[in-house]
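Written below as structure tokens is the structure these notes are about.
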Amino acid sequence: MKKIAVLTSGGDAPGMNAAIRAVVRTGCENGVKVLGIRRGYAGLMEGDMYEMNIRSVSDIIHRGGTILHSARSRKFCTEEGMQEAIKICKDNGIEGIVVIGGDGSFKGARDLSVRGINCVGVPGTIDNDIACCDYTIGYDTCLNTIMDMVDKIRDTSESHDRCTVVEVMGRRAGFLALNAGIAVGATAILIPELEFDIERDILERMRRTQKTGKRHFIIVVAEGVNDKLVAQGINGVSSLAKYIEHNLGVESRATVLGHVQRGGSPSVKDRVVGSQMGSYAAHLLLDGIGNRVVAMQKEKIVDFEIVEALNMHKSIDLALYDTAMEISI
Ligand code: F6P
């Protein structure tokens with residue numbers, strides 16, 4: 001193995017820079033050249049890359065985002081795009097690539113691997129929705145950002161005796177909403193993995209807590225429940241806030257936290273896990289092993305074949321949800 005490359009793909013996540021740094025330094029320390037590919041697979045197809053060294057990744061461990069930039073590429077999903085990427089790899093002597101991203105990025109890594117370019121996936125997404133991993137890089141920082149934001153919202157919600165409905169990211173998964181919901185003491189938490197009824201799971205819970213003297217409320221809603229809300233006649237969180245105000249007479253507001261959730265300096269956990277996973281992935285490539293996804297299970301770093309990883313299923317922690325419902329009253 002003489003030359004490997006690293007790219008970040010899909011939505012960025014705090015801690016990706018720690019992973020890039022680990023890949024580059026592990027490669028350099030073991031005598032291989034490391035190329036940084038800009039803008040994910042889109043940059044790969046265009047040959048947008050540069051040689052990195054141990055100093056190229058100085059002063060990045062504390063920075064959010066990704067110094068390599070990220071993108072989602074439709075063209076790469078076509079055979080034409082794939083062939084362009086393979087040609088660029090062959091022309092540039094790239095024998096292996098560390099792909100830092102989510103499930104969609106790993107499908108590309110699998111397709112490249114079966115065509116002869118060894119790839120290793122590193123799970124980087126705030127959503128924590130990668131089935132083979134207990135933990136994905138960026139999740140902890142994102143949870144802390146949501147908590148900080150909702151703590152601020154709570155101040156004003158409390159001052160005005162209001163209900164605030166907060167929509168958080170997570171794509172089709174509710175990991176962010178559930179864990180942030182318990183951390184901010186949300187009266188109700190809506191996640192896509194669980195069926196819900198607005199009357200029973202929001203209004204009734206609010207009425208019950210009102211009787212004990214509660215006057216302000218936080219409701220956390222995962223963005224992935226929007227279809228289920230629409231099926232109950234509610235068109236998004238603003239509409240849900242109006243519905244609550246109309247039915248309970250509690251002044252209500254909606255906040256969509258949006259992309260602020262993806263930014264910020266990575267937490268200790270994301271710096272450490274990013275470093276561990278990046279180093280582990282580079283060592284796999286150095287050993288001539290590809291077509292793998294690095295994962296964290298029970299605090300240990302392990303790896304799986306990409307197809308096996310993509311076919312796994314991860315469920316929400318129902319006990320945690322029950323705890324939240326029992327104590328957020
Ligand atoms: O996967 C990360 C994520 O932030 C999701 O939580 C969200 O649904 C999506 O990306 C937003 O994507 P974009 O940045 O393209 O709007």
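The values are calculated or read from the model by the stated rules, or taken from the named source; none is laboratory data. This structure is a prediction, so every number in the text was calculated from the model and none was measured. In this analysis, Cβ positions are derived from the backbone assuming ideal geometry, glycine residues included, and neighbour counts consider all displayed protein chains. What goes into the accessible areas is simple: the full protein's heavy atoms, side chains included, and nothing from ligands, DNA or RNA. Shrake-Rupley method; radii C 1.70, N 1.55, O 1.52, S 1.80 Å.
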query: Can you name the residue in the range 210-249 that is under 16 Å from ALA186 (Cβ atoms) and of a type in the set (Lys, Arg) and is also farthest from the ligand (Cβ to nearest atom) among such residues?
result: ARG215
- prompt: Is it the case that the range 202-209 has a residue that's of a type in the set (Ser, Thr, Tyr) and either closer than 30 Å to ILE97 by Cβ or touching a strand residue (DSSP E or B) at 6+ places or on another chain (Cβ under 7 Å) (or both)?
  reply: no
Hits in the range 228-256 - residues which are closer than 14 Å to ILE198 by Cα, in contact (Cβ under 8 Å) with a residue 24 or more places away in the chain and either charged (D, E, K, R) or buried (at least 22 other Cβ atoms within 10 Å of the Cβ) (or both): LYS228, VAL237, LEU240, ALA241, ILE244, GLU245
statement: Looking across the range 258-269 at residues that are assigned to a helix (DSSP H, G or I) and of a type outside the set (A, V, I, L, M, F, W, C), the single one that is most open to solvent (accessible area, probe 1.4 Å) is HIS259
message: Cβ-Cβ distance below 7 Å, separation of 6 or more or different chains: which pairs start in the range 71-92 with a residue that is farther than 20 Å from ASN118 by Cβ and more than 16 Å from the ligand (Cβ to nearest atom) and end on one that is part of a helix (DSSP H, G or I) and open to solvent by less than 60 Å² (accessible area, probe 1.4 Å)?
response: LYS75/MET45; LYS75/GLY81
Residue that is nearest to ARG110 (Cα to Cα), among those in the range 305-329 that are open to solvent by less than 40 Å² (accessible area, probe 1.4 Å) and part of a loop (DSSP other than H, G, I, E, B): ILE316
- prompt: List pairs: first in the range 159-185 and within 16 Å of the ligand (Cβ to nearest atom), second among the hydroxyl-bearing types (Ser, Thr, Tyr) and assigned to a helix (DSSP H, G or I), Cβ under 8 Å, 6+ apart or cross-chain?
  reply: PHE175/TYR139; LEU176/TYR139; LEU178/TYR321
- prompt: Can you pull out the residues in the range 114-138 that are open to solvent by 20 Å² or more (accessible area, probe 1.4 Å) and more than 10 Å from the ligand (Cβ to nearest atom)?
  reply: VAL114, ARG115, GLY116, ASN118, ALA131, ASP134
- prompt: Within the group VAL272, VAL293, VAL302, which residue is under 20 Å from the mean Cα position of the chain (by Cα), part of a helix (DSSP H, G or I) and among the hydrophobic types (A, V, I, L, M, F, W, C)?
  reply: VAL272
query: In the range 11-59, what residues are within 16 Å of the ligand (Cβ to nearest atom), surrounded by fewer than 24 Cβ atoms within 10 Å (Cβ to Cβ) and not in a helix (DSSP H, G or I)?
result: GLY11, ARG39
- prompt: Has the range 288-298 got at least one residue that is under 25 Å from GLY138 (Cβ atoms) and within 16 Å of the ligand (Cβ to nearest atom)?
  reply: no
